[in-house]
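Colleague: Please see the structure below; I have some questions.
The values are calculated or read from the model by the stated rules, or taken from the named source; none is laboratory data. Model, not experiment: these values are computed from the prediction. Cβ: placed from backbone, ideal geometry, glycine included. Neighbour counts: every protein chain shown.
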Amino acid sequence: MAALKAALLSGLLSLALGCSSVNDKIEAALADGDHDLAVQLLWSAAVDSQCPQRGRFLLHRAEVQQLVARDVEAMHSIEKAVSACPELLEAFWARAQQHASAGNRQEAIADAKTAAPLIVEAAELQRRLEIELEQEATVRRNAQRLVESLREVLDPKAGEVPLADRSPALLARQVPLPIRLKYEVVQDVSSPLSFRMGWVESLSYRGDATASSYTLVRALELPPLDRSLPLYYRLLMSNQRLPMRFRVSSHGEVLSAEWHRDGPNRGMRPEMLRPEIEGMLKRRRLFDPGNGGARSPGESWNGEDVRIVDGKPVAVRYSSTAAGWVAFHGVRTLHIKSRLNGEGYTGTEETWVHPGTSVVVQWLRRVAYEVTSDKAIEPWEEETVGTLVSIHGPH
């Protein structure tokens with residue numbers, strides 16, 4: 001702060017000699033810490049001056065306003081300098097820096113380009129921001145190409161064909177953004193009652209492929225729930241037809257869990273499902289791809305997941321093996337088999353994963369767990385199959 005004030009005072013004293021009395025007053029105000037007075041004096045000096053001196057007074061006024069964190073007012077002073085003295089390139093350079101700090105890179109590039117013939121730093125800023133934008137555009141194009149390539153080959157009518165390929169796969173850390181995946185899910189429950197339920201599950205990954213976080217919106221298209229179904233199951237499924245929104249960090253941590261639109265404060269709610277969603281995303285992000293992101297057929301690994309049982313999170317350990325490459329529904333996938341073990345929770349899981357996008361083309365899960373009711377502890381056994389049937393990108 002002291003160095004900035006010294007630089008500001010030096011700049012003020014370098015103004016025209018005809019303004020020495022004004023400079024003395026401004027210097028005194030700054031020395032006393034009276035920034036409001038300094039701002040007023042600089043405005044009066046600007047009004048009484050001609051360009052380019054007027055613009056310089058306004059730029060110094062912006063610097064004083066920035067000293068006391070009045071950034072909006074500082075930008076207004078800079079805008080005044082640009083409009084009052086359009087030939088003062090320093091004003092465009094000051095505005096370019098403000099735009100760059102605010103993340104307005106296109107505007108910053110335009111102003112830096114104007115100031116570049118006089119100010120070397122402006123040309124450097126212009127080049128840096130142009131490179132950033134081009135790199136981000138490349139990331140977005142690549143993500144979109146991945147979505148389109150997967151959509152083109154997906155054929156839900158195609159069967160399962162084992163492949164002889166034993167090469168390693170570099171699995172993506174997360175699905176490309178933005179993308180919407182739709183799965184047809186069938187669940188067969190064999191205990192405590194025998195019944196079948198089918199639904200459509202939508203997973204919409206929203207955000208910018210270059211951003212450090214994104215949003216996952218999840219919803220189920222459920223048929224009417226028969227009153228003869230167990231109460232636990234009806235409570236578990238009842239609210240999941242409503243869209244739930246999860247804000248996710250780049251490491252798979254769920255930052256917030258809420259209804260996408262208004263939802264009830266009873267039954268299954270986004271906050272209750274949050275641990276399971278986070279477990280799924282972190283497993284994809286950290287465990288399945290490995291430290292280097294590569295998996296080979298025959299390779300095994302272990303990790304942790306979370307499942308929701310009776311409205312509560314249950315920690316689950318898993319042991320996975322890459323069984324081999326399979327052409328599944330027209331997509332080249334890595335077939336992964338897992339064993340699941342937690343307190344009162346056991347089972348197996350198979351997934352067929354497209355490595356380039358980390359999209360699961362199908363999963364098959366057979367699990368057994370216990371649900372405590374008022375009368376007894378019920379053993380639940382179920383098999384769930386989810387199959388990817390459609391992919392939608394941003395276009």
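Colleague: Check region 344-351 and report whether any residue there is surrounded by 16 or more Cβ atoms within 10 Å (Cβ to Cβ), assigned by TED's automatic domain parsing to the domain that holds LEU181 and more than 23 Å from ARG166 (Cβ to Cβ).
Modeller: yes
Colleague: Let me ask something additional. Take the conditions in contact (Cβ under 8 Å) with a residue 60 or more places away in the chain and touching a strand residue (DSSP E or B) at 6+ places or on another chain (Cβ under 9 Å) and apply them to TRP363. Does it pass? Break it down stepwise before answering.
Modeller: Numbers: in contact (Cβ under 8 Å) with a residue 60 or more places away in the chain: no; touching a strand residue (DSSP E or B) at 6+ places or on another chain (Cβ under 9 Å): yes.
Answer is no for this residue.
Colleague: Right, something else. Can you pull out every residue in region 20-47 that is farther than 18 Å from GLU90 by Cβ, touching a residue at least 24 places away in the same chain (Cβ under 8 Å) and not β-branched (Val, Ile, Thr)?
Modeller: Once the filter is applied, which keeps residues that are farther than 18 Å from GLU90 by Cβ, touching a residue at least 24 places away in the same chain (Cβ under 8 Å) and not β-branched (Val, Ile, Thr), region 20-47 yields LEU30, HIS35, ALA38.
Colleague: Go through region 211-226 and give me each residue that's at pLDDT below 90 and polar (S, T, N, Q).
Modeller: The answer is SER212, and nothing else.
One line per residue, one yes/no per condition, for (1) farther than 26 Å from PRO156 by Cα; (2) among the acidic types (Asp, Glu); (3) assigned by TED's automatic domain parsing to the domain that holds SER167:
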{"position": "ASP305", "(1), (2), (3)": "yes, yes, yes"}
{"position": "ILE308", "(1), (2), (3)": "yes, no, yes"}
{"position": "SER320", "(1), (2), (3)": "no, no, yes"}
{"position": "VAL361", "(1), (2), (3)": "no, no, yes"}
{"position": "ASP374", "(1), (2), (3)": "yes, yes, yes"}
{"position": "GLU378", "(1), (2), (3)": "yes, yes, yes"}
{"position": "VAL385", "(1), (2), (3)": "no, no, yes"}
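Colleague: If I ask for residues that are of a type outside the set (Val, Ile, Thr), surrounded by 19 or more Cβ atoms within 10 Å (Cβ to Cβ) and over 28 Å from the mean Cα position of the chain (by Cα), which ones from region 324-337 would you list? Reasoning before the result, please.
Modeller: Of the residues in region 324-337, the ones of a type outside the set (Val, Ile, Thr) are 324-325, 327-330, 332, 334-335, 337.
Now restrict to residues that are surrounded by 19 or more Cβ atoms within 10 Å (Cβ to Cβ): 325, 328-329, 334-335.
TRP325, PHE328, HIS329 - these are the residues of region 324-337 that are of a type outside the set (Val, Ile, Thr), surrounded by 19 or more Cβ atoms within 10 Å (Cβ to Cβ) and over 28 Å from the mean Cα position of the chain (by Cα).
Colleague: Here is a follow-up. Go through ARG365, ARG283, ARG307 for me and flag whichever is touching a Ser or Thr at 6+ places or on another chain (Cβ under 9 Å) and among the basic types (Lys, Arg). Break it down into steps so the answer makes sense when it comes.
Modeller: Working: ARG283 fails: touching a Ser or Thr at 6+ places or on another chain (Cβ under 9 Å); ARG307 fails: touching a Ser or Thr at 6+ places or on another chain (Cβ under 9 Å).
That would be ARG365, the only listed residue that is touching a Ser or Thr at 6+ places or on another chain (Cβ under 9 Å) and among the basic types (Lys, Arg).
Colleague: Additional query: Here is a list: VAL147, VAL139, VAL161. Which entry is β-branched (Val, Ile, Thr), farther than 28 Å from ILE109 by Cα, part of a helix (DSSP H, G or I) and in contact (Cβ under 8 Å) with a residue 60 or more places away in the chain?
Modeller: Of VAL147, VAL139, VAL161, the one residue that is β-branched (Val, Ile, Thr), farther than 28 Å from ILE109 by Cα, part of a helix (DSSP H, G or I) and in contact (Cβ under 8 Å) with a residue 60 or more places away in the chain is VAL147.
Colleague: Please verify whether PRO117 is surrounded by 14 or more Cβ atoms within 10 Å (Cβ to Cβ) and either free of Cβ contacts under 8 Å to residues at least 60 places away in the same chain or more than 29 Å from GLN65 (Cα to Cα) (or both), treating the condition exactly as stated.
Modeller: Values: surrounded by 14 or more Cβ atoms within 10 Å (Cβ to Cβ): no; either free of Cβ contacts under 8 Å to residues at least 60 places away in the same chain or more than 29 Å from GLN65 (Cα to Cα) (or both): yes.
No: the conditions fail for PRO117.
Colleague: Report, by residue number, each residue of region 136-150 that is under 19 Å from ARG173 (Cα atoms) and of a type outside the set (Val, Ile, Thr). First the steps, then the outcome.
Modeller: Start the filter on region 136-150 by keeping residues that are under 19 Å from ARG173 (Cα atoms), which leaves 136, 138-150.
Correct list: GLU136, ARG140, ARG141, ASN142, ALA143, GLN144, ARG145, LEU146, GLU148, SER149, LEU150.
Colleague: Here's another thing I want to ask about it. Taking region 96-130 as the region of interest, how many residues are within 22 Å of the chain's Cα centre (by Cα) and not polar (S, T, N, Q)?
Modeller: Result for region 96-130: 5.
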